[in-house]
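This report concerns only the one structure given below.
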Protein chains: 2
Amino acid sequence: MNTEERIKKQKQLIETMGQHYEKEGMQPVAGRTLALLMVMDKEEFTFDEIVEELQISKSSASVALKLLQVKNIVEYKTHPGDRKRYFRIKRQEPFLLIDDFKQKLTRDKQILEEIIELKADPNSENSQFMKNLISIMEFFLDHFEKLKEEFLKKD
Amino acid sequence: MNTEERIKKQKQLIETMGQHYEKEGMQPVAGRTLALLMVMDKEEFTFDEIVEELQISKSSASVALKLLQVKNIVEYKTHPGDRKRYFRIKRQEPFLLIDDFKQKLTRDKQILEEIIELKADPNSENSQFMKNLISIMEFFLDHFEKLKEEFLKKD
DNA sequence: TATTTAGTTCGGAACAAAGTAAACTAAAAA
DNA sequence: TTTTTAGTTTACTTTGTTCCGAACTAAATA
């Protein structure tokens, strides 16, 4: 695959990833901005480069970049004697995806527990079904930390 | 806690859960409908009962229930000689939440792999960071089935 | 056959979200 | 001090979502 072809595929991938992030609730421009920073070979983009690459207005870029920074996904560096900001993806805690799922499980479990607490009959079919779900959630929550340790030991 | 108080708390919980499902991308009425079927003591609601409980129009109820059925979260039974549909939450595969996360991990991993494939330098900082993420994803994907088996053996 | 019941579908109003252009700000350069 | 640079904020437009009422359909009952 030659360079031109690769770059074309990278730009297609940015569009695909943008749609992927949209499905996860991210704003279209924010999703494409994040994808740009992940996909392209260049690892640092200035504000104007992002505006130029994605063909968006400065205001959209400003809003999207602010959002990505608040979400802790993107950061910028500055270089002395250069007023431009160099944006790049933030190298996050690598277990972040797992920890996010743990948090979701924890929250969902809390809700189920609150439902059970308010049931007139804690042995109704729905109650029993939910109790089973809760026990699965607890089991996985308990074992995630062990899996993390195992992963780190493995090499 | 007396019955009246309990029912009041159940209705509050429906609102809270509705907002929770909205954040996950569900339509407001659909989220509240699902919450109603999960929270209340009654385990089967007719169309009219749902309209009445949630104070919504028949059209909203119709759209929300169709969505929940397409998503495979809610189902209905009918009783012979009774044209009404009795809606209830579907007792799904209890590992569904885990399997959904597995699917998300799988999809996210695919995207990262595609990014790496298109990189000019597969050892750039971003590439290395993403490769580490991929190896974590693979590790967890591999171990989820074992955890499921362990959970089932446990009792 | 006419009416009632149990929902579905259509059309539109109200509101929210996402993007733009243009005005603005704050810091650096001339 | 004035101008330029690098973005931010504001006001507005476009687009999309969500809901409702009213008209409709299909099956059962009278």
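Which of the residues spanning the stretch A:67-81 are in a helix (DSSP H, G or I) and open to solvent by less than 80 Å² (accessible area, probe 1.4 Å)?
A:L67, A:L68, A:Q69
Being open to solvent by less than 70 Å² (accessible area, probe 1.4 Å) and over 22 Å from B:K90 (Cα atoms) is the filter here; which residues of the stretch A:125-155 pass it? So that I can check it myself, show each step before the final result.
Our first condition is that a residue be open to solvent by less than 70 Å² (accessible area, probe 1.4 Å); within the stretch A:125-155, this holds for A:126-127, A:129-130, A:132-137, A:139-141, A:143-144, A:147-148, A:151.
Selection gives A:F139, A:F140, A:L141, A:H143, A:F144, A:L147, A:K148, A:F151.
So is A:I115 outside any loop (DSSP other than H, G, I, E, B), more than 13 Å from DNA strand C (Cβ to nearest atom) and either modelled with pLDDT of 95 or more or facing chain B (nearest Cβ under 9 Å) (or both) or not?
Details: outside any loop (DSSP other than H, G, I, E, B): yes; more than 13 Å from DNA strand C (Cβ to nearest atom): yes; either modelled with pLDDT of 95 or more or facing chain B (nearest Cβ under 9 Å) (or both): yes.
Taking the combined requirement at face value, the residue satisfies it.
Inside the stretch B:15-66, can you point out the residues that are within 11 Å of DNA strand D (Cβ to nearest atom), open to solvent by less than 40 Å² (accessible area, probe 1.4 Å) and assigned to a loop (DSSP other than H, G, I, E, B)?
Result: B:M26, B:I56.
Could you tell me whether B:R85 is in a loop (DSSP other than H, G, I, E, B) and over 26 Å from A:G18 (Cβ atoms)?
Answer is no for this residue.
To keep it simple, each residue is scored yes or no on (1) within 11 Å of chain B (Cβ to nearest Cβ); (2) on the phi > 0 side of the Ramachandran plot; (3) not basic (K, R).
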| site | (1), (2), (3) |
| --- | --- |
| A:T3 | yes, no, yes |
| A:I7 | yes, no, yes |
| A:P80 | no, no, yes |
| A:Q92 | yes, no, yes |
| A:K102 | yes, no, no |
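For the structure I just gave you, tell me whether A:G31 is at the interface with chain B (Cβ under 9 Å from one of its Cβ atoms) and not hydrophobic (A, V, I, L, M, F, W, C).
Here the answer is no, as A:G31 does not meet what is asked.
Here are some residues: A:K84, A:K8, A:K102. Which one is more than 16 Å from DNA strand D (Cβ to nearest atom) and open to solvent by 80 Å² or more (accessible area, probe 1.4 Å)?
After applying the criteria, what remains is A:K8.
Which residues, taken from the stretch A:105-124, are open to solvent by 30 Å² or more (accessible area, probe 1.4 Å) and small (G, A, S)?
A:A120
The values are calculated or read from the model by the stated rules, or taken from the named source; none is laboratory data. Since this is a predicted model, take the numbers as computed values, not measurements. Note: ideal-geometry Cβ built from the backbone for every residue, glycine included; neighbour counts use all protein chains shown. Heads up: the accessible areas ignore ligands, DNA and RNA and are worked out on the full protein's heavy atoms, side chains in. Shrake-Rupley method; radii C 1.70, N 1.55, O 1.52, S 1.80 Å.
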